[in-house]
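Participant: One structure follows; several queries about it will come next.
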Amino acid sequence: MRLLSRQNHLLKMLFLVFCLPAISLAQDGANIYGALQTNANFFIRDSNIGAVNIPQYDNQKFGADLWLNLNYSYKKVTAGIRYDMFNNSNLLNPTGSYTGNGIGMFFAELDLGKLKVRAGHIYDQIGSGIIFRSYELRPLLFDNALFGVKMDYALTDNWSIKGFTGQQRNLFDRYDAIVKGGSIDGFLQLGSEENPINLSPGFGVVSRTNSEETTQKLVSILRNYIGDDRVEKIAYNNYLFSAYNSLNYGTFSWYVEGSYKSADVFFDPNAVTTFLNGQTAPGRFVREPGNVIYTSLSYATKRIGLTAEVKRTENFNFRTDQTLNLTRGIINFLPPMMRQNTYRLTSRYSPATQDVSEMAYQFDLRFNITKKLSGLTNFSFIRTLEGETLYRESYTQLLYKYKRKWRATAGIQFQLYNQAVYEGKPRDITDNVMTITPFVEYLYKFTRKNSLRVEAQYMSTQQDYGSWIFGLAELGLAPHWQFEVSGMFNLVPNLDNENIPESLRGKQIFYPTVGGVYSQGSNRYSLRYVKQVEGVVCSGGVCRLEPAFSGVKFEVNSTF
Amino acid sequence: MMKHSIFITCILSILLLSACKEELIMIPEFEVPPGDRKVLLEELTGVRCPNCPAGAAQVKSLQDSYGDRLIAVGIHGGFLTIPLSESKYDFQNDYARELESFLEVGPKPAAALNRVQHIEEEFSISTPSLWSQYIDEELKKENEMNIILTTEYNPDNRELDIIVSVVPLRDFSQDENLRISLMLTQNHIEDAQEDPNEVLEDYVHNHVLRTMLTEAKGDIIQKDLTENVAENFNFSFTLPKDEDLEEMEAPWVAEEVEVIAFVNVIEGSDKHIIQVEASHITD
């Protein structure tokens with residue numbers, strides 16, 4: 001009922017947002033713009049690769065997702081709305097099916113000079129997002145917009161203050177907890193005019209007040225705990241503070257942020273629950289304060305760019321309802337500390353950010369040797385605070401550009417990936433995955449419009465599925481067409497991985513992709529036949545394990 | 001401006017810190033809500049699910065706490081259920097597969113509690129710590145029906161006769177789409193199971209769904225039910241002998257077999273269970 005009532009409110013808002021401004025469309029300066037994204041998946045059951053036992057493969061056969069944004073701006077008013085549709089979609093839960101459609105997001109924004117007011121769905125962040133970030137990750141059907149009101153006020157040209165309050169979006173409904181917060185951000189210039197030191201300090205605070213329902217759920221969970229596991233008291237409110245500053249001096253840039261979270265109940269997967277009958281099980285709700293320290297130091301010249309990052313995270317799981325898991329109800333964002341790889345095999349193992357216990361380091365060096373030859377090297381290392389190694393990556397690539405005729409890239413990646421932790425697989429039969437992945441890419445331009453790009457990668461590993469080879473050829477016929485053929489093959493399969501069912505273990509399977517893209521203006525249509533191996537899919541540091549895919553994907557992307 | 005900003009920051013911090021003081025909520029001791037209503041916990045599990053032993057431990061703990069008010073069945077329906085190389089038995093069956101799809105399982109371990117959508121329109125809840133909360137919610141609801149189970153097992157010919165007596169505590173019309181479901185489960189089956197650290201070769205699987213004597217979603221009750229008038233449903237089944245077992249089928253041990261009978265509703269997205277009862281087939 002509450003959902004229906006909210007939908008009625010949405011329809012009224014729709015009228016306000018679009019019909020009234022439309023009356024003034026004829027006036028100068030009015031602008032309507034938007035974007036469309038749609039995915040249509042045709043699922044083809046394939047028991048050879050494990051694309052089975054999911055409703056879409058077993059009986060539904062088809063699933064679709066769509067997002068249609070419309071925005072209107074006129075003078076001091078901007079308004080927007082987004083229609084979302086999911087039909088037998090596998091985005092929310094890769095092993096399930098979700099159907100729903102309606103108004104996924106809407107807002108109205110007023111620019112009143114020094115004061116800016118936004119009502120409706122709010123996307124924003126404080127600092128780097130450690131205590132608050134509302135954003136959207138469509139590949140994971142993640143959208144934690146805050147539904148409420150935000151006000152920004154410019155105290156001076158260099159200082160501004162903002163405050164917001166609302167409830168977190170939950171698909172077409174909202175979670176019950178109230179989230180509120182604010183920040184003050186500034187800009188200072190010190191030093192001389194010739195050698196200025198620019199500072200961008202800020203301070204933010206966020207608080208969440210639990211709903212009665214969540215509080216009762218926590219009481220119900222915690223009253224089952226006995227002995228040392230027992231939590232005696234809990235609070236309705238939780239507070240997070242963050243102080244941050246960006247310093248720029250010449251070629252140096254330094255960002256530092258320190259965040260604190262007051263004692264709060266959260267699920268600690270590393271804690272152990274002892275039941276009444278003496279049995280134990282991993283994972284327990286605990287009540288602890290948390291903190292994060294993150295810093296990034298950069299140095300950049302024409303020839304060289306160097307970035308070093310360090311992040312320490314302890315007990316910083318912050319959700320709108322502490323009983324939610326996976327990607328649900330997350331209020332904040334912990335910056336990922338590994339390279340965002342793009343090649344098929346170098347991106348196969350990506351670590352999800354750990355919010356309970358993580359110590360992470362990353363170094364990135366970019367250099368131009370000559371005008372034609374450049375390169376980069378990246379090193380990242382992630383462990384738990386207790387010392388268990390989670391992830392290590394060393395990545396180096398060189399890029400050679402020959403006029404505008406051709407471009408070649410070559411490199412190598414070394415990885416260690418703690419599959420037991422990141423994918424929740426049994427420790428005694430799951431070794432850390434150690435990979436060595438050399439890769440090359442070559443782009444040749446036949447004419448100004450026509451080009452061919454080829455990729456070849458080989459991942460050598462004795463763990464998980466074993467070693468892979470990947471090849472891709474992409475023919476570009478600008479401005480409209482692009483054709484792609486690629487394949488991934490389990491060249492040296494791992495015969496000893498007990499995590500793989502015996503019926504699939506050791507099989508040498510070819511995973512092809514064949515497709516084309518047609519672009520016209522700002523419209524892009526793609527059609528692909530895809531077979532894809534099971535793997536971790538990450539977007540912005542948020543990751544999940546997705547099953548194998550087999551079928552046809554049709555996508556439309558359009559902006560107007 | 002610097003002074004201005006520091007002043008505002010200080011004011012904000014004082015306001016927030018002063019707001020931090022609140023009355024904390026004391027966590028009470030555990031107690032079972034009074035009443036006659038019972039709850040069916042359908043545990044969606046699998047031998048390849050490393051976190052499922054923790055889920056099973058939670059079920060056992062809950063059964064210890066709630067006693068016979070909580071009845072459990074383990075459904076090995078498809079996801080993470082393909083036997084391990086160490087497995088002697090295959091716990092999958094068509095009923096389990098159909099139920100897993102019917103209950104829209106996500107990550108495992110998960111459990112449906114009286115098939116009520118407790119979280120975000122989902123029937124199966126993937127956080128074992130939450131199960132207790134929803135069991136409480138169900139137990140606090142008004143009881144609308146009693147079920148009396150009578151079983152008679154003949155060890156000589158392994159025939160099992162079951163009478164399910166449904167005693168409504170209010171009138172139910174045929175339009176309410178009631179169904180009767182009957183499951184046979186088995187405890188203490190030793191076989192391999194993954195856990196977060198290793199493959200446990202002699203893990204004890206409890207309340208494994210072996211078969212059903214009705215359709216997976218229940219047989220439709222094609223009549224009105226009258227308050228306090230018992231309606232009997234008869235079932236019979238012969239426990240397969242060891243020599244008649246199919247490949248990788250676990251032996252049927254009568255002493256470990258349990259009958260679970262329940263009355264459920266299927267009407268659109270409403271799939272809730274009205275009442276459930278369980279009984280061993282031997283003394």
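The values are calculated or read from the model by the stated rules, or taken from the named source; none is laboratory data. Just so it is clear, the model here is predicted, and its values are computed rather than measured. Note that each Cβ is placed from the backbone with ideal geometry, even for glycine, and that neighbours are counted across all protein chains shown. Remember, those area values only see protein heavy atoms, side chains included, never the ligands or the DNA or RNA. Shrake-Rupley method; radii C 1.70, N 1.55, O 1.52, S 1.80 Å.
Participant: Can you tell me the mean projection area, over all orientations, of the convex hull of segment B:163-283's alpha carbons? Units nm², please.
Facilitator: 10.2 nm²
Participant: Leaving ligands, DNA and RNA out of it, work out the accessible area of A:Leu504 with a 1.4 Å probe and give it in Å² to the nearest 10.
Facilitator: Surface open to solvent at A:Leu504 totals about 30 Å².
Participant: Just from its helices, what would the mean residue ellipticity at 222 nm be for the protein assembly as shown, if runs of 4 or more DSSP H residues each count -39500 (n - 2.57) and the sum is divided by every residue, rounded to the nearest 500 deg cm²/dmol? Can you show the working numbers first?
Facilitator: Values: 8 runs with 84 residues, N = 843.
About -3000 deg cm²/dmol.
Participant: In a Debye calculation with equal point scatterers on the alpha-carbon sites of the protein assembly as shown and no solvent, what is log10 I(q)/I(0) at q = 0.09, 0.10 Å⁻¹?
Facilitator: -1.05, -1.28
Participant: Measure off 7 Å from each Cα along the Cα-to-Cβ vector at A:Lys76 and A:Leu452, then give the distance between these two points in nanometres to one decimal.
Facilitator: 6.1 nm
Participant: Compactness ratio of segment B:156-213: Cα Rg over 2.2 N^0.38 Å, N = residue count?
Facilitator: Details: Rg = 18.6 Å, N = 58, 2.2 N^0.38 = 10.3 Å.
Rg over 2.2 N^0.38 Å, computed on Cα atoms: 1.80.
Participant: Cα convex hull of segment A:433-550: how many Å³ per residue?
Facilitator: Details: hull volume 15.5 nm³, N = 118.
Hull volume over Cα atoms, normalised by residue count, gives 131 Å³.
Participant: Over the residues of segment A:217-269, compute the C-alpha Rg and express it relative to 2.2 N^0.38 Å.
Facilitator: 1.90
Participant: Can I ask one more? Give, in whole angstrom and from largest to smallest, the semi-axes √(5λ) of the equivalent ellipsoid of segment A:27-90, with λ running over the eigenvalues of the Cα gyration tensor.
Facilitator: Values: eigenvalues 332, 14, 10 Å².
Working from the Cα gyration tensor, I get semi-axes of 41, 8, 7 Å.
Participant: Sort all Cα-Cα distances of segment A:106-182 into consecutive 5 angstrom bins from zero, then give the percent of pairs in each bin up to the one containing the longest distance.
Facilitator: 3, 15, 24, 25, 18, 9, 4, 2
Participant: Which loop-located GluC sites (Glu not before Pro) does segment A:159-224 contain, where loop means any DSSP state but H, G, I, E or B and the Cβ has at most 15 other Cβ atoms within 10 Å?
Facilitator: Details: sites: A:Glu193, A:Glu194, A:Glu212, A:Glu213; in loops: A:Glu193, A:Glu194.
Here the GluC sites (Glu not before Pro) that fit, given the DSSP loop and packing criteria, are A:Glu193, A:Glu194.
Participant: Report, to two decimal places, the Cα Rg of segment A:377-484 normalised by 2.2 N^0.38 Å (N = number of residues).
Facilitator: Working: Rg = 18.4 Å, N = 108, 2.2 N^0.38 = 13.0 Å.
The value comes to 1.41.
Participant: Still on this structure: Counting just the Cα atoms, what span does segment A:234-299 cover along each of its three principal axes? Round to the nearest Å and put the largest first.
Facilitator: Rounded to whole Å, the extents work out to 64, 26, 9 Å.
Participant: How many Cβ atoms of partner chains, on average, are near each residue of B:142-151 if near means within 10 Å of its Cβ?
Facilitator: 0
Participant: Here is a further query. One quarter of the convex hull surface, Cα atoms only: what value does that give for segment B:13-129 in nm²? Don't jump to the answer; show the numbers that get you there.
Facilitator: Values: hull surface 45.5 nm².
So the Cα hull casts an average projection of 11.4 nm².
Participant: Output needed for segment B:59-203: three equivalent-ellipsoid semi-axes, defined as square roots of 5 times the C-alpha gyration tensor eigenvalues, in descending order, whole Å.
Facilitator: Numbers: eigenvalues 161, 103, 49 Å².
In descending order the semi-axes read 28, 23, 16 Å.
Participant: How big is Rg to Rh over segment A:41-126, alpha-carbon atoms, Rh as the Kirkwood inverse-mean-distance radius? Working shown, then result.
Facilitator: Numbers: Rg = 19.3 Å, Rh = 15.6 Å.
Using Cα coordinates only, the ratio equals 1.23.
Participant: What is the spread of the Cα atoms of segment A:60-190 along each of their three principal axes, largest first, in whole Å?
Facilitator: That gives 61, 34, 29 Å along the principal axes, largest extent first.
Participant: Just the Cα atoms of segment A:285-393: what Rg and Dmax do they give in Å?
Facilitator: Radius of gyration, then largest Cα-Cα span, for segment A:285-393: 16.8, 56 Å.
Participant: Further, regarding this structure: In terms of solvent-accessible area of protein heavy atoms at a 1.4 angstrom probe, what is the ranking of B:Ser269, B:Ser85, A:Ser486, highest value first?
Facilitator: Values: B:Ser269 75, B:Ser85 55, A:Ser486 10 Å².
Listed by decreasing accessible area, they come as B:Ser269, B:Ser85, A:Ser486.
Participant: Bin by bin, in steps of 10 Å, what percent of the Cα pairs in segment B:33-280 do you find, going until the bin that has the longest distance?
Facilitator: Taking all Cα pairs of segment B:33-280, the binned fractions are 7, 32, 37, 20, 4, 0 percent.
Participant: From the cross-link list A:Lys180/A:Lys311; A:Lys61/B:Lys88; B:Lys60/B:Lys223; A:Lys425/B:Lys241; A:Lys162/A:Lys217, which pairs have alpha carbons spaced over 29 Å apart?
Facilitator: Details: A:Lys180/A:Lys311 25 Å; A:Lys61/B:Lys88 34 Å; B:Lys60/B:Lys223 37 Å; A:Lys425/B:Lys241 37 Å; A:Lys162/A:Lys217 33 Å.
Over 29 Å Cα-Cα: A:Lys61/B:Lys88; B:Lys60/B:Lys223; A:Lys425/B:Lys241; A:Lys162/A:Lys217.
Participant: Now for a different question. Please compute one quarter of the surface area of the Cα convex hull for segment A:130-288 and express it in square nanometres. All intermediate terms of the calculation are to be shown ahead of the outcome.
Facilitator: Details: hull surface 54.1 nm².
Its average projected convex-hull area is 13.5 nm².
Participant: Using only Cα atoms, locate the centre of segment A:165-193 and the centre of segment A:266-314, then give the distance between them in Å, rounded to an integer.
Facilitator: Taking the Cα centre of each part, segment A:165-193 and segment A:266-314 sit 22 Å apart.
Participant: Are there trypsin sites (Lys or Arg not before Pro) in segment A:337-436 that DSSP puts in a loop and that have at most 15 other Cβ atoms within 10 Å, and which ones? Please report the intermediate quantities before stating the final value.
Facilitator: Values: sites: A:Arg339, A:Arg344, A:Arg348, A:Arg366, A:Lys371, A:Lys372, A:Arg383, A:Arg392, A:Lys401, A:Lys403, A:Arg404, A:Lys405, A:Arg407, A:Arg427; in loops: A:Arg339, A:Arg344, A:Arg348, A:Lys371, A:Lys372, A:Lys403, A:Arg404, A:Lys405.
Counting only loop positions with at most 15 other Cβ atoms within 10 Å, the trypsin sites (Lys or Arg not before Pro) in segment A:337-436 are A:Lys371, A:Lys372, A:Lys403, A:Arg404, A:Lys405.
Participant: Taking each residue in A:228-239, count the Cβ atoms of any other chain within 10 Å of its Cβ, then average. What number comes out? Provide the component values of the computation, followed by the final result.
Facilitator: On the way: counts 0, 0, 2, 1, 4, 5, 4, 5, 4, 4, 1, 4.
Counting Cβ atoms of other protein chains within 10 Å of each residue's Cβ and averaging gives 3.
Participant: Evaluate the relative contact order of chain A (contact order divided by residue number), counting alpha-carbon pairs under 8 angstrom at least 6 apart; express in whole percent.
Facilitator: Contact order relative to length: 10 percent.
Participant: Express the Stokes-Einstein translational diffusion coefficient of segment A:464-533 in µm² s⁻¹, to the nearest whole number, given a Kirkwood radius over alpha-carbon pairs, 20 °C and a viscosity of 1.002 mPa s. It would help to have the intermediate numbers written out before the result.
Facilitator: Working: Rh = 14.0 Å.
Taking Rh from Cα pairs, D becomes 153 µm²/s.
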